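Okay, so here's the structure we're looking at.
FYI, it's all coordinate maths here, none of it is from the lab. Fair warning: this is a prediction, and the values are worked out from it, not measured in the lab. Backbone-built Cβ (ideal geometry, glycine too); neighbour counts: all protein chains shown.
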Amino acid sequence: MFLPLQDENPTRRVPALTIALIAINTAVFLLTAASPQGLQAAVLKYGAVPEAVSRLSAPLTLLTSMFLHAGFLHLAGNMLYLWIFGNNIEDVLGPFRFIAFYLLCGLAASLTQIVSRPGSQAPMVGASGAIAGILGAYLVLFPGARIRTFLFLFVFIRVVSIPAVVVLGLWLVLQILNIGMGGGVAWFAHIGGFVAGMALIRPFFPRPRRTPASY
């Protein structure tokens with residue numbers, strides 16, 4: 001078992017949008033959990049159901065599902081990964097490119113899951129697809145960044161500093177190995193988001209401004 005705790009990759013500015021996304025996801029979770037209808041009703045209403053999206057009857061759920069979570073641990077895990085890896089991607093892209101990149105990766109993740117299970121009636125919720133895109137982008141841009149990681153392997157329990165390429169590579173391998181394991185997790189969405197993040201980060205990367213030539 002491994003759990004990233006912190007990266008050793010400082011940012012140049014306050015990651016305002018990353019913080020805002022964490023606040024929005026947390027607020028939505030608290031509001032839905034405290035509502036009389038409860039979390040389950042919100043998941044059924046605003047989650048992305050592959051069968052419904054395939055019929056184009058609920059396209060907006062592709063967006064609303066990104067801000068819903070099925071439980072506290074689901075939310076906490078996603079927000080931890082978003083904070084560790086999202087701040088550096090926002091720092092590189094700037095807030096406007098970052099939010100567009102985040103939402104596009106989330107959309108790609110959901111569509112990957114829908115293509116893999118077009119007849120499923122199980123609603124998809126969570127920010128993990130979009131965050132998987134952030135992880136893919138981080139792997140491309142900062143493969144050598146050190147990640148402080150909690151390791152638990154039988155009697156071996158320790159916090160160690162590991163290169164991002166190892167942490168994120170292991171994360172992707174686990175998603176692939178878990179395909180077909182069930183458990184209510186959209187594994188294909190994780191993989192699709194990760195691949196989208198890797199593919200899209202370079203086109204989203206801001207080009208340096210040219211310095212006017214002197215004559």
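Model label points for LEU3 and VAL155, set 7 angstrom from Cα along the Cα-to-Cβ axis, are 2.3 nm apart. Summary value for the stretch 40-151: 40 percent relative contact order, contacts being C-alpha pairs under 8 angstrom separated by 6+ residues. Given R₀ = 22 Å, what would the calculated FRET efficiency be for ALA199 paired with ILE176, taking r from the Cβ atoms and rounding to 0.05? The value I calculate is 0.85. Over all Cα atoms in the stretch 65-108, the spread is summed up by Rg and Dmax: 11.4, 31 Å.
Dimensions of the chain along the principal axes, based on C-alpha atoms and rounded to the nearest Å, stand at 65, 55, 33, largest first. Relative to the current alpha-carbon distance between THR11 and THR26, full extension at 0.36 nm per residue lengthens the span by 3.1 nm. Once you divide the Cα radius of gyration of the stretch 1-108 by 2.2 N^0.38 Å, the number left is 1.18. The residue among PHE204, LEU111, LEU44 whose Cα reaches farthest toward the positive pole of the charge dipole of the chain, with charges on the beta-carbon of Lys, Arg, Asp and Glu, is PHE204.
Scoring 46-56, 132-142, 85-95, 1-11 by mean Cβ neighbours within 10 Å over their residues and listing the highest first yields 132-142, 85-95, 46-56, 1-11. Ranked for footprinting exposure by Cβ neighbours inside 10 Å, fewest first, ILE99, ILE191 give ILE99, ILE191.
Taking 0.36 nm per residue of separation and subtracting the Cα-Cα distance, full extension of the segment from LYS45 to PHE96 would add 15.5 nm.
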